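Accompanying notes for the structure given below.
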Amino acid sequence: MNELDKALAPKSDQLNADDLLGVEKTVTIAKVTVEDTTEQPISIYYEGDNGKPYKPCKSMGRVLRYVWQNDYNSWAGKSMTLFNDTNVTWAGVAVGGIRISHVSGITRPITMPLAASKSSKKPYTVKPLGAVVPVVMAEDKFIEILTDIEQAEAKSDLTALNIAQYKGKISDQQAKQLREAYKTRLQEIKKETEEELPV
């Protein structure tokens, strides 16, 4: 996320339709929770969600149940593409809403009837999603960042590296390596600083 994205991001504890204005987002599900409540009972946590799960409306929840069946615990590892459908209305006003265009685990488009209003239904179609290619930073660039961490001379140098900026741009394994290298070097710097203090 660049500076403009951060400045315009809505404050919320969930993924918002506004987050998807002009963009699509393909996510891989990490876990799903369902609460005993009538308002947004389903929370779909996904890789890189920054603590903002996707909470599908009832219609999209029914879509996922239709294509992936009732056992929501088995949805982990599956992927879907989300987008902002600007035609979604609330109280007669077009406000936009998150919709699902593609899902993994199907081999052909699937159409199902969904409620468009209390008295009518419309067909809704989801398409097959190809394999999600994991994000991996080029090895030479990754080694350069890792080296900068390992050679940092002070805590301020580590802070300036801001490894959080690489989230979503590197693989889970690369992220783990950076975190471990950061933690190790920080401990080394603390130890070195303590040894330099006068007795």
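Numerical summary
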{"item": "Qualifying residue in segment 90-104 (condition: without any contact (Cβ under 8 Å) to a residue 60 or more places away in the chain, of a type outside the set (Val, Ile, Thr), surrounded by 14 or more Cβ atoms within 10 Å (Cβ to Cβ) and out of contact with any strand residue (DSSP E or B) (no Cβ under 7 Å at 6 or more places or on another chain))", "result": "no"}
{"item": "Flag if residue 145 is in a helix (DSSP H, G or I), buried (at least 16 other Cβ atoms within 10 Å of the Cβ) and at pLDDT 90 or above", "result": "yes"}
{"item": "Members of segment 42-82 found to be buried (at least 18 other Cβ atoms within 10 Å of the Cβ) and in contact (Cβ under 8 Å) with a residue 60 or more places away in the chain, listed by number", "result": "63, 82"}
{"item": "Residue pairs meeting the criteria (Cβ under 7 Å; at least 6 apart or on separate chains; first in the same structural domain as residue 191 (by TED's automatic domain parsing), in segment 141-160; second loosely packed, with under 13 Cβ neighbours inside 10 Å and in a helix (DSSP H, G or I))", "result": "none"}
{"item": "Sole exception among (1) at pLDDT 90 or above; (2) out of contact with any strand residue (DSSP E or B) (no Cβ under 6 Å at 6 or more places or on another chain); (3) more than 19 Å from residue 48 (Cβ to Cβ) for residue 86, by number", "result": "(1)"}
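The values are calculated or read from the model by the stated rules, or taken from the named source; none is laboratory data. Just so it is clear, the model here is predicted, and its values are computed rather than measured. Methodologically, a virtual Cβ is constructed for each residue, glycine included, from the backbone with ideal geometry; neighbour enumeration extends over all protein chains shown.
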